[in-house]
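The values are calculated or read from the model by the stated rules, or taken from the named source; none is laboratory data. From a predicted model like this one, the values you see are computed outputs, not experimental measurements. Methodologically, a virtual Cβ is constructed for each residue, glycine included, from the backbone with ideal geometry; neighbour enumeration extends over all protein chains shown.
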Amino acid sequence: MFRISQYLRELAQAQATGHWPAVRERAARGPVVIWNLIRRCNLTCKHCYALSADHDYAGELSLQEVFAVMDDLKAFGVPALILSGGEPLLRPDLFEIAARARQLGFYTGLSTNGTLIDAPMAGRIARAGFDYVGISLDGLRATHDRFRRLDGAFDRSLAAIGHLGAVGVKVGLRYTMTALNAHDLPALLALMREVGAHKFYFSHLNYAGRGNIHRDQDAQHQATRAAMQLLFDHAWAAAQAGSLDDYVSGNNDADGPFLLQWTRQHLPRWEDALRQRLVAWGGNASGQMVANIDNLGHVHPDTMWWHHDLGSVRARPFSQIWNDTGDALMAGLKARPRPVQGRCAGCRHLAICNGNTRVRAQQLTGNPWFEDPGCYLRDDEVGAASTPLPPARRQRRIEVTHA
């Protein structure tokens, strides 16, 4: 995750005081774990990485197995759990899991489509003490309902935001941009303020699950650049106004170097200081500081790697799986620098982006270390020439082999 607002608040403070603010370094810790507790979902969204549907999936972790994994995660230093699905609210023991997470001291987030949240459910979520609830919106009404394949989905999700806000739950919007919904981004940013949401998570399309099936509909690079400029402008205005609204992005770590270019254009005095902060951030964290556990207990480098199984928490503790570099992909993801190829290897921003999101290269070429085809920076901006893509593998549905 790239915390746009965090860096722009630091820039705003530097502009106001004449010096870069002191930033407390984080202590060493385990990865943030995104946990797909259930695969069942009441929707069948076009870009779902889990390829979920509205039926039960056999073999999911029991409550006691979940509790045992949580104990291991806590001992391993995992600071945060993002409880996801499928639709996590369809799991009957979700609130028991949330209570255990709170008891163990995890920062606990809930990732939901929002369609099941009425006023009573919002009250349950508030009482459970979730630190944050993210609700996915793919655009305005017509766009969202088409993506979610359910008429009325937009109105139900929008109502959920109001219900959660009424009981004091921090809520944010989650949006994945493609060529089919990029036109709705400005309106969604305005809607964020209208409905009282305080966070906007912008996800670049990644090639996994249904996102892999529809990768030919990914927004073109110029549209991506325009979208990031828009996010930077909104975040900068919020930072100057002292607003605590958060704008973050994910699944394309070229956003870091692109923010550096934005700073060179608008606030050149602080370019070097920001560069140091971005190098400290370190770019893509798959296999390092972000992890995924799926509904069956299989561990993955992140949520977009469901087709790459690192092992099952039923066979070995997560802590052992995560530190095992016998897996070639994990060894490469944990390396610094990563063994990237093509223009990624020669990129002047490699120390910032860490080679970007490897799954796109793997899905398009079969080689996880090929240059990231989703990087929207020009050759002259990275200081290296693009390598011609090898013949693309026939676009196919990437199934989860252990499901």
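Among the residues in region 50-64, are any closer than 21 Å to residue 315 by Cβ, in a helix (DSSP H, G or I) and modelled with pLDDT of 95 or more?
yes
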(request) Specify the residue that is surrounded by the fewest Cβ atoms within 10 Å (Cβ to Cβ); the eligible residues are those in region 303-344 that are modelled with pLDDT of 95 or more and β-branched (Val, Ile, Thr). (result) 325
(request) Mind telling me which of the residues 92, 120 ends up being exposed (fewer than 14 other Cβ atoms within 10 Å of the Cβ) and over 21 Å from residue 294 (Cβ atoms)? (result) 120
(request) Quick one: count up the residues across region 285-327 that are small (Gly, Ala, Ser), without any contact (Cβ under 8 Å) to a residue 60 or more places away in the chain and under 21 Å from residue 1 (Cβ atoms). (result) 1
(message) Conditions first: (1) modelled with pLDDT of 95 or more; (2) surrounded by fewer than 17 Cβ atoms within 10 Å (Cβ to Cβ). Residue 157 passes all but one, so which condition is the exception?
(response) (2)
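Can you list the helices (runs of 4 or more DSSP H) lying wholly within region 72-178 that have 3 or more residues being small (Gly, Ala, Ser) and closer than 20 Å to residue 41 by Cα?
By residue number, 153-166.
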(request) May I ask you to say which residue of 276, 229, 261 is touching a residue at least 60 places away in the same chain (Cβ under 8 Å), of a type outside the set (Ser, Thr, Tyr) and under 29 Å from residue 368 (Cα atoms)? (result) 261
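Quick check on residue 259: is it aliphatic (A, V, I, L, M), assigned to a helix (DSSP H, G or I), surrounded by fewer than 17 Cβ atoms within 10 Å (Cβ to Cβ) and out of contact with any helix residue (DSSP H, G or I) (no Cβ under 6 Å at 6 or more places or on another chain)?
Judged against the criteria, residue 259 is not a match.
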(request) Considering (1) more than 19 Å from residue 306 (Cβ to Cβ); (2) under 23 Å from the mean Cα position of the chain (by Cα); (3) among the hydrophobic types (A, V, I, L, M, F, W, C), say which one residue 122 fails and leave the rest. (result) (2)
(request) Among the candidates 199, 170, single out the residue that is closer than 28 Å to residue 80 by Cα, surrounded by fewer than 21 Cβ atoms within 10 Å (Cβ to Cβ) and in contact with a His (Cβ under 9 Å, 6 or more places away or on another chain). (result) 170
(message) Could you tell me how many of the residues in region 17-42 are crowded, with 19+ Cβ neighbours inside 10 Å and not basic (Lys, Arg)?
(response) 10
(request) Identify all residues within region 100-112 that are crowded, with 21+ Cβ neighbours inside 10 Å and either at pLDDT below 95 or touching a Pro at 6+ places or on another chain (Cβ under 8 Å) (or both); write none if there are none. (result) 106, 110, 111, 112
(request) With respect to residue 295, determine if the residue is surrounded by 16 or more Cβ atoms within 10 Å (Cβ to Cβ) and assigned to a loop (DSSP other than H, G, I, E, B). (result) yes
(request) Filter region 351-372 for residues that are modelled with pLDDT of 95 or more, within 17 Å of residue 258 (Cβ to Cβ) and either surrounded by 21 or more Cβ atoms within 10 Å (Cβ to Cβ) or among the aromatic types (Phe, Trp, Tyr) (or both) and give the result. (result) 352, 353, 354, 355, 356
